[in-house]
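Student: Just dropping this structure here.
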Amino acid sequence: MSALNIGARALTTNLAALQVIGHNIANANTAGYSRQNVQLTTAGAQAFGNGYIGKGVDMATVERSHNAYLTREAQLTGAVAAADAVRYSRLQALESAFPLGAGGLGSALNDTLNAWADVASAPNNLTARVVVIAKGEEFASRLRNTAGQLDALSRSTQQQVEGSVNVINGLAQDLAKVNQRIVESAGGTHTPNDLFDQRDQLLGELNQHIQTSAVFDKDGSVSVFVAGSQPLLLGQRASQLAVTRDATDNSRIALAFVQGSVSTPLADNTLGGGELSGLMNFLNKDLAAVQNLLGRMALASATTVNNQHALGIDLQGNPGQDFFIPPAAAVGMGSPTDTGDAIVSATVSDPAALMASDYELRFSGTDVSIVRLSDGDSTTFSLPATAFEKDGLRFNIDAGTANAGDRILVRPFEAAARNLQMAIGSPDRLAAASPVRVTPDLDNGGGLSVESLYAVSDSPQLDEPISLVFQADGTFTVTGVQDPANALPDNAGPPPSYNFKPGEPIALNGWNLTLRGSPTAGDTFVIDPAPAGSTTQNAGNASAVLALRDRPTFEGVALADGYVSLFSDVGTRVQGAQFATEFSSQIATTAETARTNVSGVNLDEEAARLLQFQQAYQASAKFLQIAQSTFDSLLQTVGR
């Protein structure tokens, strides 16, 4: 009977080994499957008078080839790679909204400014004036269209966030079910390998959406934590993530962890890796920054052109009106925890000093700190003042009172591009003429010529007549009422005089006069108000608008090159995201390869093992046949 038992055990054990090998081969291409191996052990021995005789072989268990460290590393690197990949994909879509060439915003802005050249050459040419208005409308339209594309990109990304959150919640529920099945099978002495593979596969998929921390229990179940320490899964109880609206800015979305009836806000910087992290970083950092840059371009351009246009005179002899409809003041948004009722707004005071950022006003009771959120720069002002200047913006407390601890968010550029419209529709309302004129004296030597004269500010002395008289040394003196804001003479005199440089504007009383050539002693130029009826031949303000092209506006960048700085920022973000994606993808691939080398199925190896156990099975069958034949012969002998 011992020989029959040995043969039967060997036959059964080798058949089981063949089944495990077949299971490996069948799942060679199954995602997350770990190769399984039969662990064999001797069945022991039986003592006889002349020694111990073995009782054959037993199957101890079926183990899976698995390395917990490599599996965890593959999950974490995969989470980082997923975050980088989805952010790069979104940034590529963002980049497509900012084309170069004739279809770009830069071309539209330059066309708007360059169109004034024809008006400066022929101020009474209505066709040239119509072209200026048309180019202005085209620029405003492109700004609105670009802002619309960014809004659409924001909405689609928010939908992706909602979809990712739904997947995360579904995977958490699936993990809870797998945990339950693992716990139910934990009473045995063997491990449910396929359930463990299913658990690890679900964890890997979960990390593609949000980076997790996993804690494994002795019963084989796993607890999953997200956003640092929030328990998404505890054994068989799964919680949820939710998409909410930002408590301060309802146009933005936020994430919350929901456990029972308690909802806890999740900060973006706690998410780690995963698609959800990449999407939220794109929404709240990349897209928000680019929207601010676009809004600043719209607000600075419109305000700069409006300010200059208002200094001119139109064909009807009226002061210039707004060229673009001025963007509305940005109204602050209070935090839900605020106890005060202050109403805050922000308007542009200096378009050349604007910084593309959101701001937060933080009140302490005796003062208020205005924080530039893009880099954390803070400026403190004392209360009870109600107006504060920072970065070319004037922040006003329009009504109410702020209490200590109140925080008010101000987004001055959020709607500027989306709502920009032309204010002028009639060509005769274009303020191309200058309110001042220059008259050279008839006795001038002729070495100096007037290049341009136009108003640059609404100085109270703008209408005061002034005479410039050049001296033998090339300097000039000024007679007439002067604005106290004028620069002091370079030379004390007597008489006090100013140095002259050809082509460099002479700035006095709110106007700029540019002369070229070499002066002669006694050359005189009189600057006084332009007489009524002279506007059809006067294009001073058109030249002033044309000169805006070179005015430093965007952190030192000229107004005409404002789009370059915007596009450069977008391009830099795309290139950085591309590098991060390639790098993290390579690391994730290396980690997954290392995991697969341990856990994956090698078909060549399985073929060799298949042959090995097939021969063992055949040998076991042969041994069983011999043992049965021997036993039959013994029965026949005893039966006689």
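Student: Within a Cβ distance under 14 Å of Ala267, other residues only, what is the Lys/Arg minus Asp/Glu net charge?
Tutor: 0
Student: Roughly speaking, what is the stretch gain from Val574 to Ala68, that is 0.36 nm per residue apart minus the C-alpha to C-alpha distance, in nm to one decimal?
Tutor: Length gained, Val574 through Ala68: 178.6 nm.
Student: Where the centre of each part is set by its Cα atoms, how far does the stretch 601-640 sit from the stretch 523-561, in angstrom?
Tutor: If we compute the Cα centre of each part, the gap is 105 Å.
Student: Give me the net charge for the shell around Gln421: Cβ to Cβ below 9 angstrom, other residues only, Lys and Arg +1, Asp and Glu -1.
Tutor: Summing Lys and Arg as +1 and Asp and Glu as -1 gives 0.
Student: Any idea how far apart Gln316 and Ala242 come out in nm if each label point goes 7 Å out from Cα toward Cβ?
Tutor: 5.7
Student: Follow-up. Please compute the alpha carbon radius of gyration of the stretch 70-206, then divide it by the globular-protein estimate 2.2 N^0.38 Å. Two decimals is fine.
Tutor: Ratio of Cα Rg to 2.2 N^0.38 Å: 1.99.
Student: Using 0.36 nm times the number of residues separating Leu4 and Ala487, minus their current alpha carbon distance, what extension gain do you get?
Tutor: 162.2 nm
Student: Work out the length of the dipole vector of the stretch 329-414 about its Cα centre, built from +1 on the beta-carbon of each Lys and Arg and -1 on the beta-carbon of each Asp and Glu, and round it to the nearest 20 debye.
Tutor: 20
Student: Ala404 versus Gln46, label points 7 Å from Cα toward the beta carbon: distance in nm?
Tutor: Between Ala404 and Gln46, the label points sit 9.1 nm apart.
Student: Here is a further query. May I ask you to give the average projected area over all directions of the convex hull of the Cα atoms of the stretch 436-529, in nm² rounded to one decimal?
Tutor: Mean orientational projected area (the stretch 436-529, Cα hull): 5.4 nm².
Student: Going by Cα centres, the stretch 354-410 and the stretch 163-237 are how many Å apart?
Tutor: Here the two parts' Cα centres lie 47 Å apart.
Student: How much length is gained if the chain between Val638 and Val130 is pulled fully straight, taking 0.36 nm per residue apart and subtracting their Cα-Cα distance, in nm to one decimal?
Tutor: That pair, Val638 and Val130, stretches by 170.4 nm at full extension.
Student: For Glu162 and Gln618, what does the FRET efficiency come to when R0 = 60 Å and r is the distance between their Cβ atoms, rounded to the nearest 0.05?
Tutor: The pair Glu162/Gln618 has a calculated efficiency of 0.50.
Student: May I ask for the angle, rounded to the nearest 10°, between helix 193-209 and the longest principal axis of the chain, with both axes built from Cα atoms and the value confined to 0 to 90°?
Tutor: The angle comes out near 0 degrees.
Student: About its Cα centre, how strong a charge dipole does the chain have in debye, to the nearest 20, once Lys and Arg get +1 and Asp and Glu get -1 at the Cβ?
Tutor: About 3000 debye.
Student: Report, to the nearest 10°, how far helix 603-639 tilts away from the longest principal axis of the Cα atoms in the chain, using its own Cα long axis and a range of 0 to 90°.
Tutor: Value to nearest ten degrees: 20.
Student: To test your reading of the geometry: what angle, between 0 and 90 degrees and rounded to tens, separates the Cα axis of helix 288-309 from the longest principal axis of the chain?
Tutor: The angle comes out at about 10 degrees.
Student: List the aspartates and glutamates whose alpha-carbon lies under 18 Å from that of Lys177, not counting same-chain residues fewer than 8 positions away?
Tutor: Correct list for Lys177: Asp194, Asp197, Asp200, Glu205, Asp217, Asp219.
Student: Ok, one more. Once the other residues with Cβ under 14 Å from the Cβ of Val167 are scored (Lys, Arg +1; Asp, Glu -1), what is the net sum?
Tutor: Summing Lys/Arg as +1 and Asp/Glu as -1 gives -4.
Student: Arrange the following residues from fewest to most other Cβ atoms within 10 Å of their Cβ: Met280, Met297, Met422.
Tutor: Taking fewest neighbouring Cβ atoms as first place, the list is Met422, Met280, Met297.
Student: Let me ask something additional. Rg/Rh for the stretch 482-585: what does it come to with C-alpha atoms and Rh from Kirkwood?
Tutor: 1.23
Student: Could I ask something else about it? Picking from Ser345, Thr157, Leu603, whose Cα lies most toward the positive end of the charge dipole for the chain (charges on Cβ: Lys, Arg +1; Asp, Glu -1)?
Tutor: Toward the positive end, the furthest listed residue is Leu603.
Student: Among Asn125, Pro192, Gly44, flag the residue with its Cα farthest along the positive direction of the charge dipole of the chain, charges on Cβ as +1 for Lys/Arg and -1 for Asp/Glu.
Tutor: Gly44
Student: Related question: Return the distance in nm (one decimal) between the two label points of a simple spin-label model at Phe631 and Thr524, each offset 7 Å from Cα along Cα→Cβ.
Tutor: The answer from the label model is 13.9 nm.
Student: Expressed as a rounded percentage, what relative contact order does the chain have, with Cα pairs under 8 Å and six or more residues apart?
Tutor: Computed value for the chain: 19 percent relative contact order.
Student: Select from Asn250, Leu18, Gln180 the residue farthest towards the positive end of the dipole of the chain; place +1 on Cβ of Lys and Arg, -1 on Cβ of Asp and Glu, and compute about the Cα centre.
Tutor: So the residue furthest toward the plus end is Leu18.
Student: Follow-up question, since we're still on this one. What relative contact order, as a whole-number percentage, does the stretch 329-414 give when Cα pairs under 8 Å and 6 or more residues apart are counted?
Tutor: 46
Only the coordinates and a few stated rules stand behind these numbers; no lab work does. It should be emphasised that the depicted structure is a prediction, and the values quoted were computed from it without experimental measurement. All Cβ positions, even for glycine, are placed from backbone atoms using ideal geometry, and neighbour counts span all protein chains on display.
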